[in-house]
Amino acid sequence: MIPIFSSLNMMQRALGVTQDAIQTTGNNISNANTPGYSRERVNLSTWYPYPASGINQQGGAGQIGTGVIDNSVTRITDKFVNQQVRDNVNQNGYWSSVSDAYSQMENIINEPTNTGISSVLDGFWTSLQDLAGNPGTSGTGSVVLQNGQEVADTFNYLSNSLEKVQNNLQQQITDNTSQINSYADQINVLNQEINRVEANGQLPNELYDQRDQLTQELSQLVNVKVTPVKSGGNPSPLAEGLYSIEIVQQNGSSFSPPATLVDGTQLTDNHLQTTIDTTDATNPKVNVSVVTTDTTPTTVSTLTDASGNTPFSGGLQGLIDSYTKDYPEVFQSLNNLANTLATNMDQVYAQNAGYTSSKGTFFLGDSSDPNSPGTVTAANIHVNTNLTGSDIVSSASGKPSGDNSSAQAMADVIATDTYDVDGTHGTTTSASGTTLKGYLQGLIGQIGVNSQSAQQLSDNSNTLLQAAQNRQSSISGVSMDEEMTNLIQYQHTYDAAAKVVTTIDTLLDTLINKMGG
C-alpha cells in the first residue's frame with residue numbers, strides 16, 4: 001500500500017507541473033507577436049512508480065504510478081524549415097537589391113516620356129531636318145543649337161544622376177558590411193551566453209530564438225552555412241549547442257580556406273571586409289575578404305576570385321553586382337553613344353566650317369580648345385559656346401549657296417548612318433552597325449527587360465519566402481486558439497488536482513481526528 005503522504009506529494013507535483021504549463025502558455029500568449037519567437041512546450045513524463053523494483057520490493061498488486069514531472073521546456077521548431085527560410089531570405093535579398101537598383105535606373109532614364117533622351121534626340125534631329133529643308137532661313141540655326149544643347153544637358157543629367165545612385169550603392173555596400181559584422185558580434189555573444197547556460201543542463205530557449213533571428217537576418221545579406229557545435233560542461237540531450245557560421249558560395253560550397261564568420265568552438269568571431277577600388281572609374285571593383293577582429297587584422301579567407309567576382313549571394317552580392325556590373329555597363333553605353341554622336345557630328349559639321357577657327361566643332365568634351373573636342377563622355381558633352389545660329393545656317397547652306405547637303409548629313413548622323421557604337425565609334429560608318437537612334441532604343445529596351453526580369457525574380461523569390469515563412473509559422477508560431485484550449489485544459493487539471501488534495505486532506509482528518517475515539 002502506498003503511503004498516504006506519498007499521494008499528497010504526488011498531487012503537489014501535479015499542481016506544480018500544471019502551474020508550469022500555465023506559465024508557459026502565458027509566455028506563449030505574451031510573445032505571440034514577438035518577431036522570431038518560437039512557441040514553447042512543457043515536456044511531461046511519469047514520476048518513478050511505487051514500489052521501486054528490486055529483490056526486496058513490497059508485495060501487492062504491482063507498481064503504482066506516483067504522478068507526473070516536467071522534464072524540460074523546449075521550443076517547437078523544425079531545423080529543415082528554418083534552413084528553407086534562410087535560403088529563401090537569401091535569394092530574396094539578392095533580387096530585391098538588384099531590382100531596386102534597376103528601378104532607380106529606370107526612373108532616371110525616364111522612358112518613354114517627352115523629356116527622355118529619345119524625345120530630346122528626336123527634337124534635335126527634327127530641327128536639323130528643318131534646317132536642311134530651309135538652309136538659308138534665319139532662326140533655324142538657333143533652334144539647332146538650342147536642341148543640341150538640350151541633348152548634351154540630358155546626357156549630363158543622366159550621367160550625373162546615375163553616378164549619384166552608384167555612389168549610394170557604394171555606401172550601401174559599406175553599410176551592409178558593417179551590419180554583417182554587427183550580426184557576427186551579436187551571435188558570438190549569444191553563443192557565449194548559451195554555452196554558460198547549457199553547461200548547467202538548462203535550455204535557454206529565448207537565447208536560441210534571438211540567435212536564429214539574427215542568423216536569418218544575416219542570411220538576407222550573405223549566404224551562410226550553420227553548423228551546430230556541442231557546448232561544454234554537462235548539457236542536456238535536448239540542448240541545441242553553439243553555432244559556427246561560415247559564408248559560403250552561391251552553390252553552398254565552402255571557400256578555401258573557409259570564410260568562418262562565427263567560430264562556435266573557440267567562441268570567437270571574425271569580420272567581413274569590403275575594399276572598393278575605383279582606380280578605373282568605368283570598371284570599379286569590390287574586394288571581399290574575412291579578417292580577424294584583431295587591432296591589426298589578418299586575412300582568414302579571400303572571397304573575391306582571380307576574375308574579380310564574388311561568388312556568393314544575398315543582398316550584399318546584389319549591391320556589388322549592381323555597383324560593379326549593371327551601372328558601369330549603362331555608363332559605358334551612354335559614353336559610347338555621346339562620343340559617337342559628337343565625333344561624327346563634328347566631322348560632318350567641320351567639312352563646311354573647318355577646323356581653322358574656334359567655330360569648327362559642334363560638340364565638345366573635356367577639351368578647353370574649341371578646335372579639339374577632347375574625350376567626349378555623357379558627363380561632359382556640351383555644345384561649342386562660340387557658335388551662333390548664323391554660324392549653323394552658314395555651315396548648313398553649303399557651297400554653292402542654298403545647298404542643304406551639310407545639314408542633311410548632320411541629321412543623317414542621328415537617324416540614318418550606322419556605327420559600331422560599342423567598338424570603334426570613330427568617323428567611319430559601319431555597314432553592320434546600328435544608327436544612333438536604334439542604339440539608344442536598344443539600350444533603353446535592354447534596361448527595361450533587365451529591370452522587369454529582376455522585378456519578376458524578386459516577386460517569385462518573395463512568394464517562395466512567404467510560403468516558407470508560413471510553413472515555419474505553422475510549426476513555431478503561436479496559435480491563440482490552441483493556447484486558449486491548452487489553458488482551459490490546464491485549468492481543469494489544476495482544479496482536479498486541487499480536488500484530490502482536498503480529498504486527501506479529508507482522509508488525513510479522518511485518520512488523525514476521528515479514529516480511536
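Laboratory data are not the source of any read-out in this text; all were calculated from the coordinates shown. From a predicted model like this one, the values you see are computed outputs, not experimental measurements. Don't worry about glycine lacking a Cβ; one is built from the backbone with ideal geometry, like all the others, and counts go over all protein chains shown.
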request  = Please give the calculated 222 nm ellipticity per residue for the chain, where each DSSP H segment of at least 4 residues contributes -39500 (n - 2.57) and the sum is spread over every residue; nearest 500 deg cm²/dmol?
outcome  = -19000 deg cm²/dmol
remark   = Taking Cα atoms, the helix 405-415 axis meets the longest principal axis of the chain at an angle in degrees (rounded to 10) of 10 degrees
ask   = Given the range 79-427, what percent of its DSSP beta bridges are antiparallel, to the nearest 5?
value = 100 percent
Phi-based couplings in Hz for the range 380-387 (Karplus 6.51, -1.76, 1.60; Gly and Pro marked x) = 10, 4, 7, 7, 4, 6, 7, 7
task = Please name which of Asn90, Gln170, Leu319 has its Cα lying farthest along the dipole of the range 79-427 towards the positive end, using unit charges on Cβ (Lys, Arg +1; Asp, Glu -1) and the Cα centre as origin.
result = Asn90
note = When the charge dipole of the range 79-427 is computed with +1 at the Cβ of Lys and Arg and -1 at the Cβ of Asp and Glu, the Cα pointing farthest to the positive end, of Met345, Tyr208, Gln220, is that of Tyr208
ask   = In degrees, nearest 10, range 0 to 90: what is the angle between the Cα axis of helix 327-353 and the longest Cα principal axis of the chain?
value = 10 degrees
request  = Determine the dipole magnitude for the chain: charges of +1 sit on the beta-carbon of Lys and Arg, -1 on that of Asp and Glu, nothing else is charged, the reference point is the Cα centre, and the result goes in debye to the nearest 20.
outcome  = 1360 debye
inquiry  = For the ranges 150-161, 269-280, what's the packing order if you count other beta-carbon atoms within 10 Å of each residue, average per peptide, and put the highest first?
reply    = 150-161, 269-280
remark   = For the range 224-232, in residue order, the Karplus 3J(HN,Hα) values (coefficients 6.51, -1.76, 1.60; θ = phi - 60°; whole Hz; Gly and Pro = x) are 10, 10, 9, 10, x, 10, 5, 7, x
query = Tell me, what HN-Hα J-couplings in whole Hz come from the Karplus equation 6.51 cos²θ - 1.76 cosθ + 1.60 at θ = phi - 60° for each residue of the range 44-51, using x for Gly and Pro?
reply = 9, 8, 6, 7, 4, x, 10, x
ask   = What pairs in Lys164/Lys325; Lys325/Lys437; Lys359/Lys437 have C-alpha atoms more than 19 Å from each other?
value = Lys325/Lys437; Lys359/Lys437
key: Distance between the range 460-500 and the range 147-200 - C-alpha centres, whole angstrom   = 38 Å
inquiry  = Compute the angle between helix 140-198 and the longest alpha-carbon principal axis of the chain, please, reported from 0 to 90 degrees and rounded to the nearest 10.
reply    = 20 degrees
